[in-house]
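Please read the structure below before turning to the comments.
The values are calculated or read from the model by the stated rules, or taken from the named source; none is laboratory data. The shown structure was predicted, so the numbers you read here are calculated from the model rather than taken from an experiment. With ideal geometry, Cβ positions are generated from the backbone for all residues, glycine too; neighbour counts draw on all protein chains shown.
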Amino acid sequence: MENDGTLQNISVVSVDMFQTLVNVDSRCHPFWRQVLGQKYTAERAEHFWSQIKVFLHREYRELFGENYNFIKARSVAERSFTKMFTELGLKLDPAGTADIFVKEHGFSEPFADTAKFLQEVGRIYPICLVSDADEEMLGPLRELYSFDHVFTSEQVGAYKSSPSGELFRGVVEHYALPAESIVHIGDSFFDVLGAGRTGLISCWLNRYDKTWEHEAKPHRIVTSLTEATALLGAGN
């Protein structure tokens, strides 16, 4: 993993939405207020929010196993809430909760470095959005920036880390450019794995000082979108 110097010979910047450009955690309390109603407390909301992250991670891991078969993110969420509510003994409706969860994604707050990143990098490169999301999840976030193109897992019927790489292959085919001339910036293992498999330059956004624990390695690592801007030779 090299981190010295700016990236060279890049023609397109691909970027993830959730936890890269916007903070889904900003919807924790609004989401659980709707779900829990009069039983809402800040403490319960934060505990349940941390729990659903665990269940979602497990569900996606299972989904990407040997018998990979695409289902929409909303369905993944409903499965996760079903298992979580059963395990924790919560008498809540998984289907209705999943509906709220999907809708709330679209109101996630941009990170403090997002606007400047999009402005400065967008002056030099076309920026496309690549998101493991249902169309509905983007909601008002479609107005966050005039993306050159938007690619979602629902459009393609595949997630970023699908074995055959349909989502990122769609990016390469759309721009009709060598894969290595496109850099993808994202916060997750799935971003790095999927982009790397397809030949894109993968850039892991590590906002929270995590340790990389996977065999597939990112080409570059940044700790903020400000660092990503500099890596792309923008904002000077």
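Table for the structure above
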{"read-out": "Qualifying residue in segment 214-229 (condition: in a strand (DSSP E or B), in contact (Cβ under 8 Å) with a residue 24 or more places away in the chain, touching a Phe, Trp or Tyr at 6+ places or on another chain (Cβ under 9 Å) and charged (D, E, K, R))", "value": "yes"}
{"read-out": "Failed criterion for Ala98 (all others in (1) in contact with an Asp or Glu (Cβ under 7 Å, 6 or more places away or on another chain); (2) surrounded by fewer than 17 Cβ atoms within 10 Å (Cβ to Cβ); (3) not acidic (Asp, Glu) hold)", "value": "(2)"}
{"read-out": "Matching residues in segment 202-211 - criterion: being touching a residue at least 12 places away in the same chain (Cβ under 8 Å) and surrounded by fewer than 21 Cβ atoms within 10 Å (Cβ to Cβ)", "value": "Asn206, Arg207, Asp209"}
{"read-out": "Those residues of segment 101-115 which are surrounded by 14 or more Cβ atoms within 10 Å (Cβ to Cβ) and touching a strand residue (DSSP E or B) at 6+ places or on another chain (Cβ under 6 Å), in sequence order", "value": "Ser108, Pro110, Phe111"}
{"read-out": "Total residues in segment 166-183, condition in contact with a Cys (Cβ under 9 Å, 6 or more places away or on another chain), within 15 Å of His219 (Cβ to Cβ) and of a type in the set (Ser, Thr, Tyr)", "value": "0"}
{"read-out": "Selection status of Ala133, assigned to a loop (DSSP other than H, G, I, E, B) and in contact with an Asp or Glu (Cβ under 6 Å, 6 or more places away or on another chain)", "value": "no"}
{"read-out": "Odd one out for Tyr40, checked against (1) more than 16 Å from Ala195 (Cβ to Cβ); (2) out of contact with any Lys or Arg (no Cβ under 8 Å at 6 or more places or on another chain)", "value": "(2)"}
{"read-out": "Verdict on Glu154 being surrounded by 15 or more Cβ atoms within 10 Å (Cβ to Cβ) and either over 13 Å from the mean Cα position of the chain (by Cα) or in the same structural domain as Glu59 (by TED's automatic domain parsing) (or both)", "value": "yes"}
{"read-out": "Qualifying residue in segment 63-74 (condition: more than 23 Å from Gly106 (Cα to Cα), crowded, with 17+ Cβ neighbours inside 10 Å and within 22 Å of the chain's Cα centre (by Cα))", "value": "yes"}
{"read-out": "Any hit, segment 44-54, residues being of a type in the set (Gly, Ala, Ser), closer than 26 Å to Tyr159 by Cβ, at pLDDT 95 or above and not assigned by TED's automatic domain parsing to the domain that holds Ile127", "value": "yes"}
{"read-out": "Out of His214, His149, His184, sole residue that is touching a helix residue (DSSP H, G or I) at 6+ places or on another chain (Cβ under 8 Å), modelled with pLDDT under 95 and not charged (D, E, K, R)", "value": "His214"}
{"read-out": "Per-region count, segment 187-211, residues farther than 16 Å from Ser11 by Cβ, β-branched (Val, Ile, Thr) and modelled with pLDDT of 95 or more", "value": "1"}
